[in-house]
1. Which length gain, in nm to one decimal place, applies between residue 120 and residue 149 when the Cα-Cα distance is subtracted from 0.36 nm times their residue separation?
2. Between residue 376 and residue 217, what is 0.36 nm times their sequence separation minus the Cα-Cα distance? Round to one decimal in nm.
3. Net charge around residue 79, counting only other residues with Cβ within less than 13 Å of its Cβ (Lys, Arg = +1; Asp, Glu = -1)?
4. Could you work out [θ]222 nm for the chain from helices alone, using -39500 (n - 2.57) per DSSP H run of at least four and dividing by all its residues? Round to the nearest 500 deg cm²/dmol.
5. What residue among 297, 221, 41 shows peak mean-square fluctuation when the chain is described by a Gaussian network model with Cα springs under 10 Å?
6. Just to confirm my numbers, what's the Cα centroid distance between the range 42-89 and the range 207-231 in Å?
7. Does the range 219-367 classify as rounded, prolate or oblate by the C-alpha gyration tensor (a ≥ b ≥ c root eigenvalues; a/c under 1.5 gives rounded; else a/b over b/c gives prolate, otherwise oblate)?
8. Multiply the residue gap between residue 66 and residue 251 by 0.36 nm, knock off their C-alpha separation, and tell me the result in nm, one decimal place.
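Derivation of every value follows stated rules applied to the coordinates shown; laboratory data play no part. Here the structure is a predicted model, which is why all the values come from computation and not from measurement. Every residue, glycine as well, gets a Cβ built from its backbone with ideal geometry; the counts of neighbours run over all protein chains shown.
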Amino acid sequence: MASNELAQGMEQNTISLLFGHPDSATLSTPELRDAMQRIISSPQGYTALQYGPEQGTPGLINFLVEKINREQSLSIQPGNLMVVAGSTHAVDMLARLFVEPGAVVLVEAPTYADSIHTFQDHRIELCSIHMDENGLIPRALEKQLARLHASGKVPSMLYTIPNFHNPTGSTLSETRRSEIIKLAHQYDFLIVEDDVYRDLSFEGSVPASFYALANGKQVVSIGSFSKTLAPGLRLGWLLGSEDVVQCCINCGTTQMGGGANPLVAHIVAEYCRSGSWEAHISRLQSLYKLRRDVALSALSQYMPSDVRWTHPAGGFFIWLSLPENVFAQHVKHMALQAGVSLAAGVGFFVDPFAGAHNLRLAYSCATPNDIDSGIRILAQVIDKSRNVER
Ligand SMILES: Cc1ncc(COP(=O)(O)O)c(C=O)c1O
């Protein structure tokens, strides 16, 4: 593959455990290509090349409403859902429309680095909440809320990744979700759940969503086709109260540009209607579960005894905690020289000094052999990196 054909950020001749990309080999399926062909050569293709309805392509909205109601035992209406250009578009729009000037957004520590970036683009003050291996800690959230209120600051929103978290791989229990919902009602903030990994569960069921547990009150849930179909489609959805959805429909950029990616939305609706997505998701679950298993077994086999890691029940990521005398930036640098790329923890925190002893390992787009070799090399690098700061 020519280097200019590599996916965003990928390096040639390097084992990449760096990015949470889906495996490239899963992206262009015959079923998706068929749906493209059918739409392009049908009258719908012609319509889809026009500006689309602001809320999104109705065929896709109806499909998603039916799927979400069936899978989550909900009774949402089409007015609760809007098609967006991926989770990124939704986070950006919610930050723009629902965070008052001078208000604070609460985020997990650590959290998805590009969400930090997106909130910061809007000059939003971020406030971090501690996590443990089971996700966001409600008691820590409560303490932070009390502290913020005492200092006259109003949190507008909590941004959380409850399932198969990026970067830690953790999943928040239903009990914790319910405690957090109580706090949202008490302190009057919006919960934004970024649920892009929900369908990539390896162990069966996933806890009920914040949206389901709160009956839709003060929750916006975000889904995406990026992880279970293809990120290049730039397509996702946002689920919220009719008021929230209407506000997103009425905003300037939606009014100016119309609904998100109409041509792609028509293609994806056609693809989904054929039943292909469900079968594809179940193939992906097996593929990524195998990679997770290979990664966990390589970690047990090769890692020094003072390194700890998470055990994700789905998604793409494992989070490593290194001993105090091993610095993640140094390990990252040395690992790259040895042919393995991965992410140092520091970029996933609002606090620039946090994450110095953490690494994120993504097993989604490396082969099982590469995962095993990459982790073996990484273990050697970690052992050689003791007491070397960078
Ligand atoms: C938690 C999280 N949210 C959002 C995204 C980006 O999603 P999309 O491609 O739908 O914008 C990612 C991708 O890594 C992610 O990990």
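1. Result: 8.3 nm gained on full extension.
2. 52.5 nm
3. Result for the local shell: -3.
4. Helices in the chain give a 222 nm mean residue ellipticity of -13000 deg cm²/dmol.
5. 41
6. Each part reduced to its Cα centre gives a spacing of 14 Å.
7. The shape class here is prolate.
8. Result for the pair: 64.0 nm of gain on full extension.
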